[in-house]
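Take a look at the structure below.
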Amino acid sequence: MVSYISGNVSSAFVTGCASLVILHQVNNALGYKLGHSRYTYDTVYHLFEGLPKSNGIALAISIPSFIALYLCTRYKKARPPPKDEEEKNSLQYRAITQLLNLAYFIVFVLGLLAGYLVEESYDKAGKKSNLIIVGDIPRSLQAPQFDLSNIPVSVAIKAVPQALTLALVALMTNYNIARRFAERFKYKVNIHNELLSYSMINILGSLTMNSFVNAA
């Protein structure tokens with residue numbers, strides 16, 4: 001099945017995945033909750049409909065973050081290569097390179113710190129910021145909740161076609177992203193190894209750690 005997927009289809013698939021992720025994260029950047037929609041056009045409609053509900057604090061954090069990441073990415077692509085080994089090994093060149101490589105992490109930390117300070121200041125004032133935050137995160141791995149005895153056989157049988165479809169779509173998503181990385185960094189991807197590792201990670205994660213851990 002994978003051999004019939006052309007490069008153009010793979011590229012379109014990755015672009016589609018990225019577009020869906022963006023659509024479902026824009027509301028967080030704007031600072032309001034977006035209900036679940038079955039169709040993409042519904043999501044777009046609700047996004048524009050909810051614009052008046054945008055949170056000023058969320059915008060003050062998300063817009064500078066987006067601009068900083070965009071400029072770093074553009075500069076990293078347009079940055080001229082070093083003229084010689086001396087320039088390449090210079091402290092200034094290496095420092096800028098490290099900053100560009102860590103741009104996403106730096107913006108993440110600054111955004112996290114900004115959100116924390118906002119919540120602290122509002123708590124002290126006895127007010128609510130209405131900033132959408134993740135909240136308390138458990139410090140340890142959670143006990144697995146998967147129990148076949150709680151699932152009726154009839155429900156399990158009906159779930160098989162949907163489960164297979166979901167597994168296929170998830171595999172194709174990860175494989176296409178992995179193939180894009182392979183094209184960029186010049187190495188080969190084996191679909192059999194991808195399927196084996198992807199399935200093992202998801203089975204072990206769900207059965208032993210109550211987690212959903214997977215990546216391309």
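Relative contact order of the chain: 22 percent, from C-alpha pairs under 8 Å at least 6 residues apart in sequence. Over the chain, DSSP H runs of length four or greater, each weighted -39,500 (n - 2.57), average out per residue to a 222 nm ellipticity of -22000 deg cm²/dmol. Taking every protein chain into account, the 1.4 Å probe leaves MET209 with about 70 Å² of accessible area, to the nearest ten.
Scanning the chain for chymotrypsin sites (Phe, Trp or Tyr not before Pro) in DSSP loops with at most 12 neighbouring Cβ atoms within 10 Å leaves 40-145 as the longest stretch between them.
Of the whole protein surface, VAL109 contributes about 60 Å² of accessible area at a 1.4 Å probe radius. Let me know the shape class of region 22-130, please: from the alpha-carbon gyration tensor, a ≥ b ≥ c as square roots of the eigenvalues, rounded when a/c is under 1.5, otherwise prolate if a/b is greater than b/c, or oblate. It comes out oblate by the Cα gyration axes.
Can you give me the % of accessible surface on the chain that is carbon or sulfur? Probe 1.4 Å, all protein chains present, nothing else counted. C and S atoms contribute 66 percent here. For the chain, complete DSSP H runs whose alpha carbons reach 18 Å or more along their own long axis and whose mean Kyte-Doolittle score is 0.0 or higher are 7-23, 56-78, 103-124, 153-185, 191-208. A Gaussian network model of the chain, with springs between Cα atoms under 10 Å, assigns the largest mean-square fluctuation among ALA170, ALA29, ALA95 to ALA95.
Label-to-label distance, GLU183 versus ALA163, with points set 7 angstrom from Cα along the beta-carbon direction: 3.4 nm.
Given axes a ≥ b ≥ c from the Cα gyration tensor, I'd like to know whether region 160-202 is rounded (a/c under 1.5), prolate (a/b larger than b/c) or oblate. It is prolate, given that a/c is not under 1.5 and a/b is the larger ratio.
The convex hull defined by the C-alpha atoms of region 94-202 has an orientation-averaged projected area of 13.1 nm². A Gaussian network model of the chain, with springs between Cα atoms under 10 Å, assigns the largest mean-square fluctuation among LEU91, LEU117, LEU168 to LEU91. Charges on Cβ only, +1 for Lys and Arg, -1 for Asp and Glu, centred on the Cα centroid of region 64-216; of ASN193, ALA143, TYR70, which one is farthest towards the dipole's positive end? Going by the Cα projections, it comes out as TYR70.
With a ≥ b ≥ c the root eigenvalues of the C-alpha gyration tensor of region 32-88, is it rounded (a/c under 1.5), prolate (a/b larger than b/c) or oblate? Prolate.
Taking only C-alpha pairs under 8 Å that are 6+ residues apart, what is the relative contact order of region 1-97 in percent? Relative contact order for region 1-97 comes out at 21 percent.
Rounded to the nearest 0.05, the FRET efficiency derived from the C-beta distance between ASN210 and TYR45 at R0 = 25 Å is 0.10.
Rounded to whole Å, give me the distance from the Cα center of region 1-32 to that of region 40-97. Centre-to-centre (Cα) distance: 19 Å.
With the whole protein complex present, LEU166 retains an accessible surface near 120 Å², based on a 1.4 Å probe. Using a Förster radius of 45 Å, what is the FRET efficiency between SER154 and SER11 based on their Cβ-Cβ separation? Nearest 0.05, please. After rounding, the FRET efficiency stands at 0.60. Comparing GLY126, GLY31, GLY205 in a Gaussian network model of the chain where C-alpha atoms under 10 Å apart are linked, the largest mean-square fluctuation is found at GLY126. Among residues other than LEU34 with Cβ under 13 Å from its Cβ, the summed charge is 0 (Lys and Arg +1, Asp and Glu -1).
Across region 127-216, the relative contact order, built from alpha-carbon pairs under 8 Å that are at least six residues apart, equals 41 percent. Within the straight-line cut-off of under 26 Å between alpha carbons, the lysines reachable from LYS128 are LYS33, LYS53, sequence neighbours fewer than 8 places apart in one chain being disregarded. Applying 0.36 nm per residue to the separation of THR97 and LEU20 and subtracting their alpha-carbon distance, the gain on full extension is 24.7 nm.
The values are calculated or read from the model by the stated rules, or taken from the named source; none is laboratory data. Predicted, not measured: the structure shown is a model, and the values here were computed from it. Note: ideal-geometry Cβ built from the backbone for every residue, glycine included; neighbour counts use all protein chains shown. To get the accessible areas, we keep the full protein, side chains included, count just its heavy atoms, and leave off ligands, DNA and RNA. Shrake-Rupley method; radii C 1.70, N 1.55, O 1.52, S 1.80 Å.
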